[in-house]
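One structure is given here, and the rest of the page talks about it.
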Amino acid sequence: MLANDEKIYEHHNGIHELIEDLTFLEDEQPMPLNDTPPKWLQCNGRHLRKLAQAGLIWLDTNRQVVNDLNVFPVPDGDTGHNMFLTMRSAYQRVASDDEARVDHVADKLAQGALMGARGNSGVILSQIWKGLAKGFANKETFTSHDLAHALQEASDTAYKGVMRPVEGTILTVIREGADEAQDAVKKNDDLRFVLERVLERCQQALERTPEQLPILKQAGVVDSGGQGLVFILEGMLRYVTGQMGYMTPERALSSNGIQHQPAQALAAPEDGEIENPYDVQFILLGENLNVLEVREAIDAMGDSTVVVGDEKTIKVHIHVEDPGVPISYGISLGKITDVVVENMQLQMEEIIMAGGTNTTEEIPAFSVSNAQIGVVAVCAGDGLQNILRSVGVAHVVDGGQTNNPSTEELLAAIEAIPSNKVILLPNNKNIILASEAARDLSQKEVQIIPTRTVPQGISAMLSYNPDGALADVVASMKQNANDVATGEITRAVRTVTIDDVAVDEGQVIGLVNGRLCTSASTTEEVLKAMLAEMEMEEREIVTLYYGADISHEDAEATGNLIETWYPDIEVELLEGGQAHYFYILGAE
Amino acid sequence: MIHIVTDSASDIPSAWVSALGIRVVPVYVNFGAKSYLDGIDLTQEAFYAKMAQGQYPTTAAPSEGMFAEVYRQCARDGATAVISIHLADTLSSTCNSARMGANAVADTIPVTVIDSQQLSLGSGFLSVIAAQAARSGQSVETILALLAQVIPKTVVFGMINQLEALRQGGRVNWATFGLGTLLRIKPILQIQQGVVDLFAKVRTQKRALSHLVEIIEQEAPFTHLAVLHVNAQETAVSLQKQTAHLLPQGQEPLLVAVSPALGTHLGLDAVGFATIKK
């Protein structure tokens, strides 16, 4: 983790270089003050890198604005934060580059975005980069016509990346932007002109999103993902028009939003000695690389192997006894970059010295062989994670509502379990897209069961059979997931009215199957109103998972309330340990 | 005359036992330091009352000596050979004790020990089929061939209502089934040819019961069908009614209260079906 911070600091210095370099374009064609600037007809790889950087900085500057557009008053996966992390991951691939070819820079940006993508808007943003890279294929430089073509590819790719595209989102914004570009190039081939028109149209499209998505209108906001994209484009235009001075680049790469989670990542053996104490990560660059061969070779060196990429770029992650072995191997095949070596033994000892972080005894993950089906699930809260492991989950990725894991983290989890057939349970609507992206990147056979809540995930696990046929197991798990109604109780983080439910910031609110259903000043009132909407006459058991802020005694009292209201219902009380949500309940 | 011997974990109704002349060797049930002989000095009522109080008994296979004694008694009663059919080898050492008992009496009477690969009436039905064949004058070879044919078609399905008893018994590997200790789960298990498999995991009893009936309907038709229960008469009667249509007109699935020897492992309110497929 430390090494990561150092790298960020390096990039941060790089930004100053860029800022001083803002006259870059003008150097080539000096422009008279207070006059029409000369046309900008061609853009090379260096320009593209700076455009990306400018987009990143402006998005970061306005990150909170995007976060505040969250429709739901729940502590949600923050769109601004997620898009920023995605964009930063893209930029990090080119930050210390001096590559002049546009296609090469675009490829790297796309790779970085794909790996760092998190949250639904982040995943779509990564698809936009992927499409742009496709559009710039084999281009040394690009013109406005190339840009229009690439934007079209970006829009098409983004739409294809989503199972059921919804209008009134970032998708609409990129599509209208791409449309505009096709028109604009017919009028003027100046890249500045095209970019201005594209941005203007994107802003208009963004303003219209509340008309397309009723939920936005109810909440009185524009789409957050679309807004994030507009900020990125705006940043790019600011760079082009020389307004970068208003930006605050210091924050862009220094504010590290990554959630550190060392405690869970280190499965300590009983004697306290980690078999492969060094965590080694690097990116291997070469020509005609064979991913399968590299994966096999790396895998033989240690455990927790992740090897993904293509013939030119391969990301390697492994735990080994001697970090020199994989690094030497990498050098034998090409150039290596972004090398991170961490001593997990020392980290673990530090955690132990610090008194440990886990109070709940951790249940070991379910062990599967490579021929069996393995399950990866996303979940936050020690207790809920334990329950998932106890019913057969082979790898729990820490995350959820407020902390959406990235595509890369999900991919690492998929690759970390021995199974070649993997079922992924996102357990949150904001993680479904990143899950799909991870599935597409993995060479394993991955199936996603689009669970939106943890109780759904737990229910799905009840029909998990590691030895069954994948299609059958997935079908019955999907069916099981739908047998449970989920209730969630939390505190509103903003004042809003949705679906005729008026909520004041700070009130207790209840969600049924992810839909806001009630608000009140006490948990009891909310619980009562929620249960009334959960078809309790058809239910037999309510499992009450209480959060980190709730004492066992309070939880017992809440369980007793439910039994008093519904004498025929059996209540099972379990420690969920989740943050933000006082109670999560599953009714079956 | 060939005599058929089985153990008390076969759950054969006493009327059939006397009508067919089957000999039943009791399994030991131990509550703490006290040891009872299943069906002899421990009644079902007394046993289930103890279990309801949270006492989980252990079981022990009948001794080699008990088997030898029963086989000798068969010889004294005029048996020319004995076929001794017992609780699955994979779950119990009963077959092993029986084999040792058979060796001990080898000079007196030929005894063939058969691993039923089953429990409860799964094993009981096999003893009944063997006894009927013996009564109609079939040879040992013929009866053994018949059993070899029927054993693979014999399946027992069951829903466990309280996992604690099964867990304490240590007969099922929980880890391989993903049945953790945290969540209350009602597993539906299947035993066939000695192997216990997890058929389904369900959260509530109502759903488990309807699932069980669905399974039985899918597995039909049967030559033999019985409803089994561990102190859950009411639920068992309901299952009996729901599955009566699977047997020829006028017949009803047999209703059997599981003996303490098995009940101790299955836990209170477990219900299931013993079946032999057509």
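The table for this structure:
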read-out	value
Segment B:179-250: Rg to Rh, with Rh as the Kirkwood radius over Cα pairs	0.99
Residues listed by number, segment A:141-159, amide nitrogen under 13 Å from residue A:312 label point at 7 Å toward C-beta	A:141
FRET efficiency, 1/(1 + (r/R0)^6) with R0 60 Å, evaluated for residue A:475 and residue A:552 via beta carbons	0.95
Unit charges on C-beta of K, R, D, E only; dipole of the protein assembly as shown, Debye	2560 debye
Derived scalar couplings ³J(HN,Hα) [segment B:249-263; Karplus, 6.51 cos²θ - 1.76 cosθ + 1.60; whole Hz; x for Gly, Pro]	2, x, 9, 10, x, 5, 10, 10, 7, 5, 5, x, 4, 8, x
Square roots of five times the Cα gyration tensor eigenvalues for segment A:72-142, Å	27, 12, 7
Residue B:42 long-range amide H proximity, modeled H, under 5 Å	B:37
Average beta carbon contacts from partner chains per residue of A:386-398, 10 Å cutoff	3
Efficiency of FRET between residue B:241 and residue A:535 - r from beta-carbon atoms, R0 22 angstrom, step 0.05	0.20
Over the protein assembly as shown: helical MRE at 222 nm, DSSP H runs n ≥ 4 each giving -39500 (n - 2.57), nearest 500	-14000 deg cm²/dmol
Cβ-Cβ FRET estimate between residue A:160 and residue B:89, R0 fixed at 51 Å, reported to 0.05	0.35
Three semi-axes of the equivalent ellipsoid, segment B:10-96, Cα gyration tensor, whole Å, largest first	26, 15, 12
Spin-label model distance (nm) - residue A:579 vs residue B:220, 7 Å beyond Cα toward Cβ	5.6 nm
Relative counts (whole %) of C-alpha pair distances in segment B:212-278, using bins that are 5 Å wide	4, 19, 29, 23, 15, 8, 1, 0
Segment A:64-195 - Debye-derived log10 I(q)/I(0), Cα point model, q = 0.09 Å⁻¹	-0.28
Estimated inter-spin distance, residue A:183 and residue A:41, nm [label 7 Å along Cα→Cβ]	2.6 nm
Distance histogram for segment A:543-586 (every C-alpha pair counted, 10 angstrom bins, percent rounded to whole numbers)	33, 54, 13, 0
Two-site label geometry, residue A:564 and residue B:148: point separation in nm, points 7 Å out along Cα→Cβ	6.8 nm
Segment A:142-218 - convex hull of alpha carbons, volume per residue in Å³	70 Å³
Spatial separation of Cα centroids for segment A:471-514 and segment B:51-104, in angstrom	57 Å
Diffusion constant of segment A:378-472 at 37 °C, which comes from Stokes-Einstein with the Kirkwood Cα-pair radius and 0.692 mPa s, µm²/s	250 µm²/s
All-pairs alpha carbon distance profile, the protein assembly as shown, 10 Å steps from 0, percent	2, 11, 18, 19, 16, 12, 9, 6, 4, 2, 1, 0, 0
Whichever lysines have a C-alpha closer than 19 Å to that of residue B:153, once near sequence neighbours (fewer than 8 apart) are set aside	B:277, B:278
Distant-in-sequence amide H partners of residue A:518 (H built 1.01 Å from N, under 5 Å)	A:510
Principal axis dimensions, chain B - Cα atoms, whole angstrom, descending	55, 49, 33
Cross-link partners of residue B:34 among lysines (Cα-Cα below 25 Å; sequence separation of 8 or more within a chain)	B:50
Equivalent ellipsoid semi-axes, segment B:108-162, via Cα gyration tensor eigenvalues times 5, rooted, Å	25, 12, 10
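No value in this document is a laboratory result; all are computed from the given coordinates. Note that the coordinates shown come from a computational prediction; the quantities given were computed from them, not determined experimentally. No Cβ is skipped: glycine too gets one built from the backbone with ideal geometry, and neighbour counts run over all protein chains shown.
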